[in-house]
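Scroll down for the structure; my scribbles are underneath it.
The values are calculated or read from the model by the stated rules, or taken from the named source; none is laboratory data. These figures come from a predicted structure and were not determined experimentally. Cβ coordinates were reconstructed from backbone atoms using ideal geometry, including for glycine residues, and neighbour counts include every protein chain displayed. Keep in mind that these areas ignore ligands, DNA and RNA; they rest on the heavy atoms of the full protein, side chains included. Shrake-Rupley method; radii C 1.70, N 1.55, O 1.52, S 1.80 Å.
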Amino acid sequence: MASSSSPQRLLHLLSLILLLLFAFCSISESSQFCDAGIGYGESTCGVSSSSSTKLLIKGGTVVNAHEMEVADVYVEDGIIVAVRPNIKVGDDVTVLDATGKFVMPGGIDPHTHLDFEFMGTQTIDDFFSGQAAALAGGTTMHIDFAIPVNGSLLSGLEAYEKKSKKSCMDYGFHMAITKWDEVVSKEMEIMVNEKGINSFKFFMHYKGSLMINDELLLQGFKKCKSLGALAMVHAENGDAAYEGQRRMIELGITGPEGNALSSPPVLEGEATARAIKLAGFVNTPLYVVHVMSIDAMEEISRARKSGLKVIGEPVVSGLVLNDSWLWDPDFITAAKYVMSPPIRAAGHGKALQAALSMGTLQLVGTDHCTFNSTQKALGIDDFQKIPNGVNGIEERMHLVWDTMVESGQISVTDYVRVTSTECARIFNIYPRKGAIRAGSDADIIILNPNSSFEISAKSHHSRSDTNVYEGWRGKGKVEVTISGGRVVWLNDELKVFPGSGKYVEMRPFSYLFNGIGKADAKYLSSLKAPVKRFRATT
């Protein structure tokens, strides 16, 4: 018996050795994956952050853009199934206690640049690290700007589709327009009718690269109108800003402060007014991105009072920061605040906050476009070469709460509106996104108004080594983030994995296009032309 069992023992031993080797290799491969900075938490090795498909959020105050109530929220397979008090569930349901806290739709950031090739380098945050940071801060969807390749929209979208394969939360795309011809016009139709893109951005700045002229702007606006797509503008007078840059260099101003001095608020106001007037001439809605100054805000206010459909988007850096840091004697400190339009002098931010509270400005983005200190140092001898951009995708929800709600400038329901719901409405994905209601996607946050937060580059989830909000302490912390029904942020731990995010198609003709046809008809009837005339006979 002993001799006959020896081969079996040997075979068993070999099997154990092979099993251990396989396990070691698997662990080693997973460690390399994690060490490469691709993942966070347990999910870095490809493990889903929550095995349960059923979730009950119990006892919280559920907040939507126009109402709030104490209720439970029941989620199944990534969808909100019920919102009502005292929901009873079985033992197979994960329960989260939200007593004394706010249960809200996850934030939607309308303005980001992930994995963006710009000014001779590439943003440090890609579609995984940037989205992971967003989830840690309570944002569950963002809309990024796809940039054409050599003017081609289809090539640009293809490049961004590859970049976004590592996504860990839901996302959509705007598309930039950098040239104009019949090919671009046809590609816009494909973007809207086949690719789920319902907005196009026109840069009035960055002369020599992304900037377009008024003729292209008019053609683009007309095409947007015909497709039911929203026209968006980066409003700065690029020609004047270029002249301002030349002027600063001639004066020997080569540091980061030159960025703000070369493009003062008047240039943002002029471009905003021009874009508004051209959009009004075409009679199409207009969305002004990153409103940074009183000058631009006042143009938007004037237009809206006159009945024009203009949306103004401040970004969190413009709301809460001022330009004083650009004069810091330490280059790395000063350079991290360089963006376009520039962060403005003290006073502009307060005015933008007031405009947001009054509804003159409608929603808050970030323009998250991060470069590390080494990349910023590309412009150490010339501010024109400093890559433009700051962080914000992780910080936005906390800073808007602390700055706007804690100060009493907006209500809790308004907070949901400006951070989530209005974005979903503008880009035509409401109520799938931006709402806590039966049938909506289970993108949910639990915010504790009595808990505190602190911002630091040492603890944030962006790959950048700096943070423009360094040291900010405030009230109101996102304690739980749920993305697509999965708990991804809990107890200050982030559990996400690449490839789990979904692309969200956005349909054309949002509510902003209501009444456009009637306005066109009214305009035509007002012309009292052409007039029939008779030729004089001799």
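When the stretch 318-338 is examined, which residues are found to be among the aliphatic types (A, V, I, L, M) and open to solvent by 10 Å² or more (accessible area, probe 1.4 Å)?
Narrowing the stretch 318-338 to residues among the aliphatic types (A, V, I, L, M): 319-321, 326, 332, 334-335, 338.
If the condition is that a residue be among the aliphatic types (A, V, I, L, M) and open to solvent by 10 Å² or more (accessible area, probe 1.4 Å), then V320, L321, I332 are the ones that fit.
When the stretch 328-369 is examined, which residues are found to be in contact with a helix residue (DSSP H, G or I) (Cβ under 6 Å, 6 or more places away or on another chain), closer than 14 Å to I380 by Cα and among the hydrophobic types (A, V, I, L, M, F, W, C)? The answer is I332, A334, A335, V338. Residues in the stretch 457-484 that are part of a strand (DSSP E or B) and open to solvent by less than 30 Å² (accessible area, probe 1.4 Å): G474, G476, V478, V480, T481, I482, S483.
For the stretch 396-416, which positions are open to solvent by 30 Å² or more (accessible area, probe 1.4 Å) and within 15 Å of the chain's Cα centre (by Cα)? Listed by number, the list is empty, since nothing qualifies. Restricting the first member to the stretch 140-162 and to residues that are under 19 Å from S185 (Cβ atoms), and the second to residues that are hydroxyl-bearing (S, T, Y) and in a helix (DSSP H, G or I), the beta-carbon pairs closer than 6 Å and six or more apart or on different chains are A146/Y160; V149/S155.
Beta carbons closer than 6 Å, at least 6 apart along the sequence or on distinct chains, pair a first residue in the stretch 417-428 that is at pLDDT 95 or above with a second that is open to solvent by 20 Å² or more (accessible area, probe 1.4 Å) for A424/Y430; N428/R507. Screening E493, E505 for residues that are open to solvent by 70 Å² or more (accessible area, probe 1.4 Å), within 23 Å of the chain's Cα centre (by Cα) and closer than 30 Å to S199 by Cα leaves exactly one candidate, E505. Checked against (1) in contact with a strand residue (DSSP E or B) (Cβ under 9 Å, 6 or more places away or on another chain); (2) under 26 Å from D144 (Cβ atoms); (3) in a helix (DSSP H, G or I), H290 meets all criteria but (3). Taken over the stretch 417-429, residues that are open to solvent by 30 Å² or more (accessible area, probe 1.4 Å) and under 15 Å from F102 (Cβ atoms) amount to 1. Here the condition is being open to solvent by less than 30 Å² (accessible area, probe 1.4 Å) and at positive phi; of G439, G347, G389, it holds for G389 alone. The requirement of being open to solvent by 40 Å² or more (accessible area, probe 1.4 Å), among the acidic types (D, E) and at negative phi is fulfilled nowhere in the stretch 226-237; no residue meets it. Tell me which residues, restricted to the stretch 255-276, are open to solvent by 50 Å² or more (accessible area, probe 1.4 Å) and within 21 Å of W327 (Cα to Cα). Hits for the stretch 255-276 are L261, V266.
Those residues that are outside any loop (DSSP other than H, G, I, E, B) and buried (at least 20 other Cβ atoms within 10 Å of the Cβ), I need them from the stretch 211-225; list them, please. Quick ask: steps written out before the conclusion?
Our first condition is that a residue be outside any loop (DSSP other than H, G, I, E, B); within the stretch 211-225, this holds for 211, 214-225.
Answer for the stretch 211-225, where residues must be outside any loop (DSSP other than H, G, I, E, B) and buried (at least 20 other Cβ atoms within 10 Å of the Cβ): M211, L217, G220, F221, K223, C224.
Residues that are assigned to a helix (DSSP H, G or I), in contact with a helix residue (DSSP H, G or I) (Cβ under 6 Å, 6 or more places away or on another chain) and either at negative phi or surrounded by 19 or more Cβ atoms within 10 Å (Cβ to Cβ) (or both) do occur in the stretch 192-205, at least one of them.
Among the residues of the stretch 144-166, is there at least one that is among the hydroxyl-bearing types (S, T, Y), in a helix (DSSP H, G or I), open to solvent by less than 20 Å² (accessible area, probe 1.4 Å) and within 30 Å of D181 (Cβ to Cβ)? Yes, the stretch 144-166 contains at least one residue that is among the hydroxyl-bearing types (S, T, Y), in a helix (DSSP H, G or I), open to solvent by less than 20 Å² (accessible area, probe 1.4 Å) and within 30 Å of D181 (Cβ to Cβ).
Here are T360, T370: which of them is among the polar types (S, T, N, Q) and either open to solvent by less than 10 Å² (accessible area, probe 1.4 Å) or without any contact (Cβ under 8 Å) to a residue 60 or more places away in the chain (or both)? Explain how you work it out, then say what you get.
Details: T360 fails: either open to solvent by less than 10 Å² (accessible area, probe 1.4 Å) or without any contact (Cβ under 8 Å) to a residue 60 or more places away in the chain (or both).
Being among the polar types (S, T, N, Q) and either open to solvent by less than 10 Å² (accessible area, probe 1.4 Å) or without any contact (Cβ under 8 Å) to a residue 60 or more places away in the chain (or both) holds for just one of T360, T370, which is T370.
Give the residues of the stretch 208-222 that are farther than 11 Å from K179 by Cα, at pLDDT 95 or above and out of contact with any strand residue (DSSP E or B) (no Cβ under 8 Å at 6 or more places or on another chain), sorted by residue number. Walk me through it before giving the result.
First, pick out the residues of the stretch 208-222 that are farther than 11 Å from K179 by Cα: 208, 214, 218, 221-222.
Filter once more, so that each one left must be at pLDDT 95 or above: 214, 218, 221-222.
If the condition is that a residue be farther than 11 Å from K179 by Cα, at pLDDT 95 or above and out of contact with any strand residue (DSSP E or B) (no Cβ under 8 Å at 6 or more places or on another chain), then D214, L218, K222 are the ones that fit.
Residues that are open to solvent by less than 10 Å² (accessible area, probe 1.4 Å), within 21 Å of L114 (Cβ to Cβ) and either of a type outside the set (G, A, S) or outside any loop (DSSP other than H, G, I, E, B) (or both): does the stretch 447-456 have at least one? Within the stretch 447-456, not a single residue is open to solvent by less than 10 Å² (accessible area, probe 1.4 Å), within 21 Å of L114 (Cβ to Cβ) and either of a type outside the set (G, A, S) or outside any loop (DSSP other than H, G, I, E, B) (or both).
Within the stretch 252-280, residues that are touching a residue at least 40 places away in the same chain (Cβ under 8 Å) and assigned to a loop (DSSP other than H, G, I, E, B) reach partners that are acidic (D, E) and buried (at least 18 other Cβ atoms within 10 Å of the Cβ) with beta carbons closer than 8 Å, at six or more positions or on different chains, in the pairs S263/E236.
Here K433 meets the list (1) open to solvent by 20 Å² or more (accessible area, probe 1.4 Å); (2) of a type in the set (K, R); (3) touching a residue at least 60 places away in the same chain (Cβ under 8 Å) almost entirely, failing just condition (1). Taken over the stretch 55-94, the criterion of being open to solvent by 60 Å² or more (accessible area, probe 1.4 Å), in contact (Cβ under 8 Å) with a residue 24 or more places away in the chain and of a type outside the set (A, V, I, L, M, F, W, C) is satisfied by K58, H66, E67, E76, D77, D92. In a residue-by-residue description of the stretch 17-40, the property of being in a strand (DSSP E or B), open to solvent by 20 Å² or more (accessible area, probe 1.4 Å) and either in contact with a Ser or Thr (Cβ under 7 Å, 6 or more places away or on another chain) or modelled with pLDDT of 50 or more (or both) applies to at least one position.
Output the residues belonging to the stretch 495-525 that are of a type in the set (A, V, I, L, M, F, W, C) and in contact with an Asp or Glu (Cβ under 8 Å, 6 or more places away or on another chain). If the condition is that a residue be of a type in the set (A, V, I, L, M, F, W, C) and in contact with an Asp or Glu (Cβ under 8 Å, 6 or more places away or on another chain), then V504 is the only one that fits.
Quick one: in the stretch 367-421, of everything that is part of a helix (DSSP H, G or I) and of a type in the set (S, T, Y), which residue is farthest from I444 (Cα to Cα)? I'd like the intermediate steps shown before the answer.
Quick first cut of the stretch 367-421, residues part of a helix (DSSP H, G or I) only: 373-379, 383-385, 396-405, 412-421.
Filter once more, keeping what is of a type in the set (S, T, Y): 373-374, 403, 413, 415, 419-421.
Details: S373: 34, T374: 36, T403: 21, T413: 15, Y415: 14, T419: 13, S420: 11, T421: 12 Å.
Per the criteria, the residue is T374.
Read through the list (1) farther than 26 Å from V75 by Cα; (2) touching a residue at least 40 places away in the same chain (Cβ under 8 Å), then give the number of the only condition that D443 fails. It fails just one condition, (1). The requirement of being open to solvent by less than 10 Å² (accessible area, probe 1.4 Å) and farther than 19 Å from H142 by Cα is not satisfied by G515.
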